[in-house]
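Below: one structure, written as structure tokens.
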Amino acid sequence: MLSLLCLLSLLSLTTSSSTNEQPRTFIVQVQHDTKPSIFPTHQHWYISSLSSISPGTTPRLLHTYDTVFHGFSAKLSLTEALKLQTLPHIVAVIPERVRHLHTTRSPQFLGLRTSDSAGLLKESDFGSDLVIGVIDTGIWPERQSFNDRELGPVPSKWKGVCVSGKDFPSSSCNRKLIGARFFCNGYEATNGKMNETTEYRSPRDSDGHGTHTASIAAGRYVFPASTFGYARGVAAGMAPKARLAAYKVCWNAGCYDSDILAAFDAAVSDGVDVISLSVGGVVVPYYLDAIAIGSFGAVDCGVFVSASAGNGGPGGLSVTNVAPWVTTVGAGTIDRDFPADVKLGNGKVISGVSLYGGPGLASGKMYPVVYAGSGDGGDGYSGSLCVEGSLDPKFVEGKIVLCDRGVNSRTAKGEVVKMAGGVGMILANGVFDGEGLVADCHVLPATAVGASGGDEIRKYLSAAAKSKSSPPTATIVFKGTRVNVRPAPVVSSFSARGPNPESPEILKPDVIAPGLNILAAWPDKIGPSGIPSDKRKIEFNILSGTSMACPHVSGLAALLKAAHPEWSPAAIRSALMTTAYTVDNRGGTMLDESTGNVSTVLDFGAGHVHPQKAMDPGLIYDITSFDYIDFLCNSNYTLNNIQVVTRRNADCSGAKRAGHAGNLNYPSLSVVFQQYGKHQMSTHFIRTVTNVGDAKSVYKVTMRPPGETVVTVQPEKLVFRRVGQKLNFLVRVQTTAVKLAPGASSMRSGSIIWSDGKHTVTSPIVVTMQQPL
């Protein structure tokens, strides 16, 4: 029987469409081992199942799945979906969702240098036998980042192919890009046939995002590299010799679940070691989440899955891709920026950032500056946002225009100003964006300023309008590339934050990595601003997003897997988490870019990745597929729900011995206490660590308990006699109720640190108090 929630999810569709019979795509899970012998293949069986619920029609399968998932996807009416789910061999019928993209000095900032003969790059021969599968918008194979010079033969284990298509012959692949596929059946089932004048029916990238993320993960060394002279230097991915396989699932209208699941299925079957996914959507229970289901199947086969946390920050509960078997990556800054300051007529200077690369404003000249939101030269609200058609050319011609962020893209606002005759643009953050700045390749002289800078400029304009003595003026001063910026890293304003909306016992994001203003490869036919009218050509572009942070971790995972082939995906994540750092280059706790205040574990998880230390973590927290099943049991998932995610008939009777969902052997510890009038509250965690350091080693514990909390660890000393030995410890947490308004919560954090004098193994511990409504 289908779970109640799955059924409710189907029924909810009746209210969301104009007619219940509007067909849409569903992903159907099948009891794989019950195929009747009369059907030569599973595909024949699936078609027969569809024919039985809709006689007289010719059913069309969009995809069949047989590696990370067992079943198919098809376009069905709601009536057909409900009929299908009554068949005895159907495990689940899951409505498709659409996902969206989460849109270089970073190897050096991370400490990965080619001259470092004893570091991570050397140990793994740069990961040359490892394959990273990038599920994204495809790839531009001609880029130098994907050249195969001095690479050995394709790894013998590789079973993938180079699928040819429009402007993508099979010769597009080489010993670097060893596989390429595209998946568009789900996209076209919803949107109709693609427009092949704007999209390629092939693995070729018509967006730029996939080329950028692939080169961050595994781009070769390319010199010189820059964007209009900004960030000039060597461009290199995290694992420059790792092989790449591109799986194109994202198109003009988004990335569709049925296609994403097909890409997971193909990638694991092809033999990838790491999957990098810079795509996400709303958080739903794992058994309704194609990314969670596909990634469980991948991890179950030993494939590490890295996914972006999302760009919904700085608000709380915004983190996505939160399944505990996925490594969820937030974004931080690196120690480089691109200052472009606004100088006002009153002498004040407002700091901003820009990647504008054309002719600058006349040196020493001050230009009139206007704000269409004042209602003078535009239609108020839309004028303030500089949306298309909102600016009066008579009002803006020859002037610098102040535009607020929101509605249309940042670079599109510049195009609107340019078309109306403006000479420059100042892009101001709103209150929600705070002080987080993103540099863009604008089409006219332009810079981005924080919310407080925008307020300062509006105040100046208002005062000048009242005095009427001298009209307001400004100019933009472009200062190029600045390095050794302090503080760094800082948690990027856009980086999605915890707590975890689906499993509060699992701290997400897991880690952060460089994600602001990252230089990486870019296709030929797409302008750097992403605006269709932008015909400028560049080989490298600078982008920001957790999309850029995720492939940093994918590449690092490949290096760690190459150095430690026996490590599981959970072991690799554990090494990255327990060695991460939370201190910036000034020696203080990392700041939050949006506020300038100190950031918390809900922003950065275990901290910022530290590749060298992850190479030799000392101890790891390992997790098996059966442990994840126990976790789902203790998360009150039904046996059917668990089967949907894990493809197994689960037995939850043993799981209760684990006690609660927080006892998953995760490298971080998180507990939520509901204050139902209780004064004292307590819980315990059981953890198992595996020695991957020195054979004979003794680890002693240090506790930094969260405020107002007592934490005890037993035993306080772990004595290992051999490598691979596992030892358990128990953590007790006791706390006292705090005064909270109904529905409110408070979070406190600390850490548990195991050390043998050589290795430091750190786990964050998070205590959340909630006052029920």
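In table form, for the structure just shown:
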{"quantity": "Identity of the residue in the range 227-249, hydrophobic (A, V, I, L, M, F, W, C) and open to solvent by 10 Å² or more (accessible area, probe 1.4 Å), that ends up farthest from residue 179 (Cα to Cα)", "calculated": "228"}
{"quantity": "Cβ pairs under 8 Å, 6+ apart, first in the range 148-170 and closer than 24 Å to residue 198 by Cβ, second modelled with pLDDT of 95 or more and acidic (Asp, Glu)", "calculated": "166/196"}
{"quantity": "Residue list for the range 53-84, restricted to those being part of a loop (DSSP other than H, G, I, E, B) and at pLDDT 95 or above", "calculated": "66, 67, 68, 69, 70"}
{"quantity": "Condition met for residue 104 (touching a strand residue (DSSP E or B) at 6+ places or on another chain (Cβ under 6 Å) and modelled with pLDDT under 95)", "calculated": "yes"}
{"quantity": "From 536, 497, residue being in a loop (DSSP other than H, G, I, E, B), open to solvent by 10 Å² or more (accessible area, probe 1.4 Å), basic (Lys, Arg) and closer than 30 Å to residue 454 by Cβ", "calculated": "536"}
{"quantity": "Filter result for residue 541 (in contact with a His (Cβ under 8 Å, 6 or more places away or on another chain) and either outside any strand (DSSP E or B) or polar (S, T, N, Q) (or both))", "calculated": "yes"}
{"quantity": "Test: residue in the range 584-594 that is surrounded by 24 or more Cβ atoms within 10 Å (Cβ to Cβ), among the small types (Gly, Ala, Ser) and under 22 Å from residue 506 (Cα atoms)", "calculated": "no"}
{"quantity": "Lone unmet requirement of (1) open to solvent by 10 Å² or more (accessible area, probe 1.4 Å); (2) in a helix (DSSP H, G or I); (3) in contact with a Lys or Arg (Cβ under 7 Å, 6 or more places away or on another chain) for residue 572", "calculated": "(1)"}
{"quantity": "Pair list, Cβ < 8 Å and 6+ apart or interchain, from the range 274-293 residues that are more than 26 Å from residue 218 (Cβ to Cβ) to residues that are among the small types (Gly, Ala, Ser) and at pLDDT 95 or above", "calculated": "286/292; 286/323; 287/92; 289/323"}
{"quantity": "Among the residues listed as 198, 211, 190, the single one being open to solvent by 50 Å² or more (accessible area, probe 1.4 Å), not in a loop (DSSP other than H, G, I, E, B) and not hydrophobic (A, V, I, L, M, F, W, C)", "calculated": "190"}
{"quantity": "Subset of the range 621-643 that is among the aliphatic types (A, V, I, L, M) and within 24 Å of the chain's Cα centre (by Cα) - its residue that is surrounded by the most Cβ atoms within 10 Å (Cβ to Cβ)", "calculated": "632"}
{"quantity": "Matching residues, the range 435-455, being touching a helix residue (DSSP H, G or I) at 6+ places or on another chain (Cβ under 6 Å) and open to solvent by less than 10 Å² (accessible area, probe 1.4 Å)", "calculated": "442, 444, 446"}
{"quantity": "Residues satisfying the stated conditions in the range 502-533, i.e. closer than 18 Å to residue 235 by Cα and surrounded by 24 or more Cβ atoms within 10 Å (Cβ to Cβ)", "calculated": "513, 514, 515, 516, 517, 518, 519, 520, 521, 522, 523, 528"}
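Conditions (1) open to solvent by less than 20 Å² (accessible area, probe 1.4 Å); (2) modelled with pLDDT under 95; (3) out of contact with any Ser or Thr (no Cβ under 9 Å at 6 or more places or on another chain), marked per residue:
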site	(1), (2), (3)
688	no, no, yes
696	no, no, yes
725	no, no, no
735	yes, no, no
756	no, no, no
766	yes, no, no
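The values are calculated or read from the model by the stated rules, or taken from the named source; none is laboratory data. Just so you know, these numbers come straight off a predicted model, no measurement behind them. Using ideal geometry, Cβ is built from the backbone for each residue, glycine included, and neighbour counts are taken over all protein chains shown. Only protein heavy atoms, including side chains, enter the accessible area calculation; ligands, DNA and RNA are left aside. Shrake-Rupley method; radii C 1.70, N 1.55, O 1.52, S 1.80 Å.
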